Amino acid sequence: MAYAAITSLLSTTHESLWKNSIASYTHYYKIQSLRTIMEKSYNIKGDIEDLTRLEAEIIELACITEDMINSESRKVSLAKNQISRRIAVWKLNFLLKRAVGRIDFTVKKWIGMLNSKDLKAQNLTLESTSQHALQQTESMMIGCENEFEMIRDQLTRGTSQLDVVSVVGMGGIGKTTLANKIYNDQFILFRFDIRAKATVSQEYCARNVLLRLLSSVSGSRKIDESYEQQDDGQLADRLQKFLKSRRYLIFIDDIWAKEAWDDVKLCFPDCDCGSRILLTTRNMEVAKYASSGETLYQMSFLNHDESWNLLRVKVFEDACFPPEFEKVGKQIALNCKGLPLAIVVIAGLLLKIGKSLDEWKSVSENITSLISTDLEVQCMRVLALSYHHLPHHLKSVFLYFAIFPEDELISVDKLVNLWVAEGFSLEQYAEQCLTDLIGRSLIFIHHLSFDGKIKACGMHDVIRELCLREAQNLNFVNAITEDQNSCEQTRHFSTKRRVSVQSELSSFAANQLATVHHNMARSVLLFIRNPSNSGIMHELERFKVLRILELASPTLDAFPSCVVDLSLLRYLALTFYSSINDHDINIPPSISRLQYLETFILKFPKYYGRPKISFTLPGEIFKMSQLRNLSLDRNNMVPHKYEGTLRNLQCLSGWNPLYCDYHFTQQVRFLRKLQICGNQQDYIKSNEMKGLHDPRSFIRLQELKFDGMPHSVLPPLEAFPKNLMKLALTNTCVNLKDLRILGKLPKLEALKLKFASSNYIGSEWKVAEEGFPQLKFLLLNRLNIKYWRASSDQFPCLERLFLEECLNMDSIPEDFAEITTLQLIDIRMCKESVLNSAEKIQKDVEDNYGGSIEVHFRYIL
């Protein structure tokens with residue numbers, strides 16, 4: 001963790017020296033050497049509490065030094081003459097020398113305590129996680145076969161009345177894994193007309209549970225905008241109407257209180273048709289309160305053989321292993337006390353250690369020393385061991401998850417941008433850090449994108465408890481919630497570098513921000529469920545040295561003028577729930593004063609009625625030379641002259657097609673990802689003005705998305721960038737005959753077609769003879785065709801096929817069984833005949849080629 005603080009200090013020091021043209025780099029190189037020392041990983045032999053205290057001290061010293069550099073650098077830059085500048089530079093050097101000396105002394109003391117002898121540096125190369133591990137989004141189930149059969153039998157047989165089945169047990173024992181396996185079982189899929197699930201958690205919000213259930217019922221990952229303006233009573237009524245007269249299965253995960261059950265139970269009508277509710281909880285009283293009769297199942301711990309089997313499979317999969325590992329491995333498994341989560345996390349640690357018997361014995365000795373009679377204490381200590389064995393560059397990125405609320409769906413793109421802004425990692429390594437944490441079973445994949453990339457991730461609630469505890473111990477994050485004891489928010493040191501406020505009400509956030517030392521905070525992230533900006537911006541005016549400001553919750557009705565004075569910002573995300581007098585949100589020209597800004601996000605909310613307004617951008621935005629990511633909702637630009645260039649801009653999303661002219665393409669030539677988004681009138685007008693300029697000007701563009709584009713605007717083949725690898729056409733009316741153009745793109749690997757309407761093109765899509773020779777990933781959404789005519793030769797490299805809401809489609813081309821690369825067919829809201837054709841392809845591949853294809857399906861019509 002201290003590694004991240006030293007890395008940030010190194011960046012700030014270099015920035016100060018470069019900005020003020022100071023040639024002396026002695027102290028910079030000294031900090032760099034300290035970071036090199038800390039990059040090594042050591043066998044932990046010292047007392048963990050003492051180590052944590054010293055590490056927190058290093059973090060404190062590094063943060064104070066950063067503050068000093070920022071303050072003294074400002075004096076250098078504001079010096080009125082050469083003499084006063086020399087004095088300011090001398091003072092900066094003197095203070096920096098003294099501060100670095102203190103850090104050096106403490107780091108050496110910390111290293112000495114880490115391992116007084118026999119230091120063994122481990123290779124810290126970022127290891128890639130196997131594709132198998134990444135695709136395994138939930139832990140395997142071992143030792144619960146009987147419970148699985150009994151619960152499934154209870155759900156599918158028995159009374160015709162509504163029945164509630166509860167699964168109870170301590171955190172980490174496998175309740176959710178078991179319930180998810182039942183929920184996704186094929187027999188369950190065919191038994192129930194509707195399935196829906198939602199996580200409640202300790203800090204629950206009844207409205208969010210209703211929204212998640214409604215979203216799940218519709219088979220969508222996004223909340224329907226028609227729900228967003230309705231109150232809780234209307235949402236409950238709509239859910240009840242969805243479920244009425246249909247056999248449904250509702251999965252309520254991680255419910256903590258009787259009150260939470262009372263808030264939602266009336267939404268579930270009993271229509272005497274065999275509907276069921278599956279519920280998981282840690283609380284036996286809640287389970288008894290909610291369950292019908294005796295339908296309650298208490299999870300048991302794994303026995304010794306089951307524990308070893310789970311550890312063995314997780315570490316070695318099906319590979320052979322030296323017999324001398326069995327004795328040590330069984331001892332490790334035994335000391336995990338039969339708790340699956342502890343075994344899985346320790347298995348992740350052993351995977352990274354590799355096949356070193358001495359290292360395994362060291363882990364076994366450490367776990368033995370942590371044994372406690374309290375199973376929950378034991379579990380937490382075992383998990384903490386895995387955390388303390390993380391390489392230093394991974395500790396900070398792991399602890400950063402403490403910033404997010406419980407059960408938050410965490411976007412990987414947002415996470416990576418935050419890590420980069422914090423100085424934890426360069427973008428090219430950030431995703432590797434994430435996959436490494438997944439490989440260690442500390443983070444789980446929530447869902448993948450259609451092309452197999454990790455799109456969202458999450459954290460088990462027990463591991464989150466560990467993350468919060470360690471983050472608070474090091475004063476890494478001050479995560480403030482409404483039910484938190486105030487004394488817990490002021491531990492260890494006075495500095496609060498990262499502040500995360502999680503609440504229903506903005507007034508609570510404003511009150512908490514008033515208690516934060518504004519000169520210390522570098523990151524403020526607000527997660528507020530109800531829209532209002534009462535008092536928040538007034539408090540934020542004091543925070544002059546912020547680097548990260550995240551107002552992802554709907555907290556604004558006008559652009560906050562104080563933001564342009566936060567000159568050190570690297571990351572800025574603002575969400576607007578309305579607009580004063582229903583006028584557009586004007587971004588002031590002074591935004592260009594944020595010369596360090598790398599990520600700029602302007603959004604309207606998802607969970608409330610989206611206002612019929614736009615963002616109006618000034619031409620001065622092109623002067624923000626450090627900008628790397630610009631993400632927008634509906635937008636316009638004021639008339640302007642192009643001054644400056646966004647030479648560092650890598651990702652631009654939501655850009656209005658009206659402003660895709662020649663001058664624009666020259667300002668952002670080095671884009672890697674571009675999303676053009678507008679209504680059909682915008683595209684038509686842009687085409688008439690010849691504004692939608694030739695996309696091939698983007699010489700590095702790899703991902704391109706057109707949203708809302710009408711048929712007449714699809715660019716010709718020669719207009720597409722030659723390096724294009726991913727293309728998405730969403731909410732469009734493109735004629736399928738024109739798609740032969742896309743098959744000629746030499747590097748196209750991923751194609752997403754989400755049509756607003758395709759009724760007018762007829763009932764058949766006959767793929768052109770040349771097909772899509774390089775395509776690996778294909779998603780078809782709302783294509784209202786009946787017949788899809790294609791052969792394996794036209795999709796020779798296809799790996800993943802997604803069909804969503806293709807309501808009229810009759811079947812998948814049977815020749816797809818000949819595609820040797822095909823791995824997955826995912827079907828949602830399509831006819832049963834489509835599923836039948838997918839299962840036939842699956843069987844043909846198994847029978848004729850000895851291969852295997854996964855077939856996933858939901859909501860078959």
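The values are calculated or read from the model by the stated rules, or taken from the named source; none is laboratory data. In this text, all values refer to a predicted model and were calculated from it rather than measured experimentally. Cβ placement follows ideal geometry from the backbone for every residue including glycine, while neighbour counts extend to all protein chains displayed. When the accessible area is computed, the model is the full protein with side chains, heavy atoms only, and any ligands, DNA or RNA have been set aside. Shrake-Rupley method; radii C 1.70, N 1.55, O 1.52, S 1.80 Å.
Quick one: how many residues across the range 196-211 are surrounded by fewer than 21 Cβ atoms within 10 Å (Cβ to Cβ) and either modelled with pLDDT of 85 or more or aliphatic (A, V, I, L, M) (or both)?
3
State the number of residues belonging to the range 175-195 that are in contact with a strand residue (DSSP E or B) (Cβ under 9 Å, 6 or more places away or on another chain), in contact (Cβ under 8 Å) with a residue 40 or more places away in the chain and either surrounded by 17 or more Cβ atoms within 10 Å (Cβ to Cβ) or of a type outside the set (D, E, K, R) (or both).
13
Every residue in the range 267-299 that is open to solvent by 70 Å² or more (accessible area, probe 1.4 Å), at pLDDT 85 or above and in a loop (DSSP other than H, G, I, E, B), please.
Once the filter is applied, which keeps residues that are open to solvent by 70 Å² or more (accessible area, probe 1.4 Å), at pLDDT 85 or above and in a loop (DSSP other than H, G, I, E, B), the range 267-299 yields 270, 272.
Identify, by number, the condition in (1) closer than 17 Å to residue 211 by Cβ; (2) free of Cβ contacts under 8 Å to residues at least 40 places away in the same chain; (3) not small (Gly, Ala, Ser) that residue 252 doesn't meet.
(2)
For residue 837, work out the one condition from (1) among the polar types (S, T, N, Q); (2) buried (at least 18 other Cβ atoms within 10 Å of the Cβ); (3) part of a loop (DSSP other than H, G, I, E, B) it doesn't fulfil.
So the condition that residue 837 fails would be (3).
Taking the stated definitions as given, is residue 332 crowded, with 17+ Cβ neighbours inside 10 Å, at pLDDT 85 or above and not in a loop (DSSP other than H, G, I, E, B)?
On the way: crowded, with 17+ Cβ neighbours inside 10 Å: yes; at pLDDT 85 or above: yes; not in a loop (DSSP other than H, G, I, E, B): yes.
The answer is yes for residue 332.
Is it true that residue 421 is touching a strand residue (DSSP E or B) at 6+ places or on another chain (Cβ under 8 Å), surrounded by 21 or more Cβ atoms within 10 Å (Cβ to Cβ) and part of a helix (DSSP H, G or I)?
In short, yes.
For every residue, the table says whether it meets (1) open to solvent by 20 Å² or more (accessible area, probe 1.4 Å); (2) of a type outside the set (A, V, I, L, M, F, W, C); (3) assigned to a strand (DSSP E or B).
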position	(1), (2), (3)
553	no, yes, yes
559	yes, no, no
562	no, no, no
568	yes, no, no
581	yes, yes, no
592	yes, yes, no
601	yes, no, yes
605	no, yes, no
627	no, no, no
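Can you tell me which residue is nearest to the chain's Cα centre (by Cα) among those in the range 307-340 that are of a type in the set (Asp, Glu) and under 19 Å from residue 440 (Cα atoms)?
Among those that are of a type in the set (Asp, Glu) and under 19 Å from residue 440 (Cα atoms), it is 317.
Does any residue of the range 820-839 turn out to be in contact with a His (Cβ under 6 Å, 6 or more places away or on another chain) and over 21 Å from residue 766 (Cβ atoms)?
Checked the range 820-839: at least one residue is in contact with a His (Cβ under 6 Å, 6 or more places away or on another chain) and over 21 Å from residue 766 (Cβ atoms).
Run down 235, 311, 239, 302 and say which single residue is hydrophobic (A, V, I, L, M, F, W, C), assigned to a loop (DSSP other than H, G, I, E, B) and either over 28 Å from residue 190 (Cβ atoms) or in contact with a Cys (Cβ under 6 Å, 6 or more places away or on another chain) (or both).
From the options 235, 311, 239, 302, the qualifying one is 302.
Using the structure shown, decide if residue 401 is within 13 Å of the chain's Cα centre (by Cα), aromatic (Phe, Trp, Tyr) and farther than 29 Å from residue 50 by Cα.
no
Taking the range 140-157 as the search range and keeping residues that are surrounded by 19 or more Cβ atoms within 10 Å (Cβ to Cβ) and over 17 Å from residue 291 (Cβ atoms), which one is modelled with the lowest pLDDT?
Of everything passing the filter in the range 140-157, 143 is modelled with the lowest pLDDT.
Taking residue 509 as the residue in question, decide whether it is closer than 24 Å to residue 472 by Cα and either surrounded by fewer than 22 Cβ atoms within 10 Å (Cβ to Cβ) or modelled with pLDDT of 80 or more (or both).
no
Let's see how each residue does on (1) outside any strand (DSSP E or B); (2) open to solvent by 30 Å² or more (accessible area, probe 1.4 Å):
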{"position": "383", "(1), (2)": "yes, no"}
{"position": "400", "(1), (2)": "yes, no"}
{"position": "417", "(1), (2)": "yes, no"}
{"position": "425", "(1), (2)": "yes, no"}
{"position": "428", "(1), (2)": "yes, yes"}
{"position": "436", "(1), (2)": "yes, no"}
{"position": "445", "(1), (2)": "no, no"}
{"position": "466", "(1), (2)": "yes, no"}
{"position": "480", "(1), (2)": "no, no"}
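Please specify each residue of the range 612-625 satisfying the condition of being under 15 Å from residue 590 (Cβ atoms) and either out of contact with any helix residue (DSSP H, G or I) (no Cβ under 9 Å at 6 or more places or on another chain) or open to solvent by less than 40 Å² (accessible area, probe 1.4 Å) (or both).
616, 617, 618, 619, 621, 622, 624, listed by residue number.
Output the residues belonging to the range 637-665 that are under 21 Å from residue 572 (Cβ atoms) and in contact with an Asp or Glu (Cβ under 7 Å, 6 or more places away or on another chain).
Result: 654, 656.
Filtering the range 774-826 down to residues that are part of a strand (DSSP E or B) and open to solvent by 50 Å² or more (accessible area, probe 1.4 Å), which residue is farthest from residue 723 (Cα to Cα)?
So, considering only residues that are part of a strand (DSSP E or B) and open to solvent by 50 Å² or more (accessible area, probe 1.4 Å), the one farthest from residue 723 (Cα to Cα) is 787.
Pull out all pairs, ordered by first then second residue, where Cβ-Cβ is under 7 Å, the residues are six or more apart or on different chains, the first lies in the range 92-112 and is among the hydroxyl-bearing types (Ser, Thr, Tyr), and the second is open to solvent by 10 Å² or more (accessible area, probe 1.4 Å) and in a helix (DSSP H, G or I).
These pairs meet every condition: 106/57; 106/61.
So, in the range 760-801, exactly how many residues are among the aliphatic types (A, V, I, L, M) and closer than 13 Å to residue 451 by Cα? Working first, answer last.
Keep residues of the range 760-801 that are among the aliphatic types (A, V, I, L, M), which gives 761, 767-768, 775, 778-780, 783, 785, 790, 798, 801.
Of the ones still in play, those that are also closer than 13 Å to residue 451 by Cα are 775, 778-780, 798, 801.
The qualifying residues number 6.
Quick test of your reading of the structure: residue 782 fulfils all but one of (1) touching a residue at least 40 places away in the same chain (Cβ under 8 Å); (2) of a type in the set (D, E, K, R); (3) on the phi > 0 side of the Ramachandran plot. Name the failing condition by number.
(1)
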